[in-house]
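The values are calculated or read from the model by the stated rules, or taken from the named source; none is laboratory data. Keep in mind the model is a prediction, meaning the values are calculated, not measured. Cβ sites come from the backbone with ideal geometry, for glycine too, and all protein chains shown count toward neighbours. Note: areas computed on protein heavy atoms with side chains; ligands, DNA, RNA excluded. Shrake-Rupley method; radii C 1.70, N 1.55, O 1.52, S 1.80 Å.
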Amino acid sequence: MEAGQICAIMGPSGGGKSSLLNVLAGRSTSVGDVNISGSIKVGGKEINPVTYRRQIAYVMQDDALLPTSTPREALRFSATLRLPSSVSATEIDSMVEDLLSELGILECADVIIGGALLKGISGGQRKRTSVGVEVITDPEVLFLDEPTSGLDAATSISLVYSLKELASLGMNIVATLHQPRYEILELIHRVMVLAPGGRVAYQGSIENLRDHLMRFGYECPLNANIADY
């Protein structure tokens, strides 16, 4: 995976997508009867994902945001806590404004986030805020677990467009996706398909996936979404 690309991990429910993401992000390690082996490289250099976590951002499937705060407050709070003390308040405010604009949530920056019992911003805006809270530290790698889950088609596509904008700035993005729409697949650079049991059935570009399946006797209809197939 080259710098500035989006890689999607696809596969059936229970196929190991989130487990793989957690291993890559250093959130899961060998413990007890669970043994994790192999090597992880970034830029051609082998790294320990646990010690590399300062360069990694992770957006969970369920948003963990304070319902009574606003997107601007959430980003500023995250930046103040996680950036070095040498970064001034003025610099933080500038970074927050730039990120709000890049994520397309400037218009709702001062609306409360809300939650199940408190009306606030939309689900798509909430997900973008979650992304902003994590990438405010300018990580090298961004992991997202099912970022389009619960979002409508238009909002899902808009979110992936925002992720592609972040990738164009040099950030590597890896996301688990469950049956993404064709329009979303067109925005993704590379894909990994997991078969049941966590085995890798394919890894490469979207363009070559259809031909790869055909070599094994699986011919996807021309008008069908290859992810659904």
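What number of residues in region 1-38 are over 17 Å from the mean Cα position of the chain (by Cα) and open to solvent by 70 Å² or more (accessible area, probe 1.4 Å)?
Looking only at that region, the number is 10.
Select from region 1-31 the residues that are assigned to a strand (DSSP E or B), more than 17 Å from residue 141 (Cβ to Cβ) and at pLDDT 85 or above and list them in ascending order.
Answer for region 1-31, where residues must be assigned to a strand (DSSP E or B), more than 17 Å from residue 141 (Cβ to Cβ) and at pLDDT 85 or above: just 10.
Against the definition (among the small types (Gly, Ala, Ser), closer than 25 Å to residue 176 by Cα, within 22 Å of the chain's Cα centre (by Cα) and open to solvent by 70 Å² or more (accessible area, probe 1.4 Å)), how does residue 43 come out, yes or no? Show your work before the answer.
Details: among the small types (Gly, Ala, Ser): yes; closer than 25 Å to residue 176 by Cα: yes; within 22 Å of the chain's Cα centre (by Cα): yes; open to solvent by 70 Å² or more (accessible area, probe 1.4 Å): yes.
So residue 43 fits the description; yes.
Out of everything in region 131-174 that is of a type in the set (Ser, Thr, Tyr) and in contact (Cβ under 8 Å) with a residue 60 or more places away in the chain, what residue ends up being surrounded by the fewest Cβ atoms within 10 Å (Cβ to Cβ)?
168
Restricting region 46-84 to residues that are in a loop (DSSP other than H, G, I, E, B) and among the small types (Gly, Ala, Ser), which is surrounded by the most Cβ atoms within 10 Å (Cβ to Cβ)?
If we take residues in region 46-84 being in a loop (DSSP other than H, G, I, E, B) and among the small types (Gly, Ala, Ser), then 69 is surrounded by the most Cβ atoms within 10 Å (Cβ to Cβ).
Listed here are the residues, each with its yes/no results for (1) out of contact with any Phe, Trp or Tyr (no Cβ under 9 Å at 6 or more places or on another chain); (2) of a type in the set (A, V, I, L, M, F, W, C).
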{"residue": "129", "(1), (2)": "yes, no"}
{"residue": "134", "(1), (2)": "no, no"}
{"residue": "144", "(1), (2)": "no, yes"}
{"residue": "153", "(1), (2)": "yes, yes"}
{"residue": "159", "(1), (2)": "yes, yes"}
{"residue": "170", "(1), (2)": "yes, no"}
{"residue": "176", "(1), (2)": "no, no"}
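Yes or no, residue by residue, for (1) over 14 Å from the mean Cα position of the chain (by Cα); (2) farther than 13 Å from residue 71 by Cβ; (3) small (Gly, Ala, Ser):
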site: 133; (1), (2), (3): no, no, no
site: 139; (1), (2), (3): no, yes, no
site: 166; (1), (2), (3): no, yes, no
site: 170; (1), (2), (3): yes, yes, yes
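Every residue in region 122-132 that is out of contact with any Pro (no Cβ under 9 Å at 6 or more places or on another chain) and not in a loop (DSSP other than H, G, I, E, B), please.
123, 124
Confirm whether residue 106 is modelled with pLDDT of 90 or more, more than 27 Å from residue 49 (Cα to Cα), in contact with a helix residue (DSSP H, G or I) (Cβ under 9 Å, 6 or more places away or on another chain) and open to solvent by 10 Å² or more (accessible area, probe 1.4 Å).
yes
Suppose we filter region 109-122 for residues that are buried (at least 16 other Cβ atoms within 10 Å of the Cβ) and not hydrophobic (A, V, I, L, M, F, W, C); how many remain?
2
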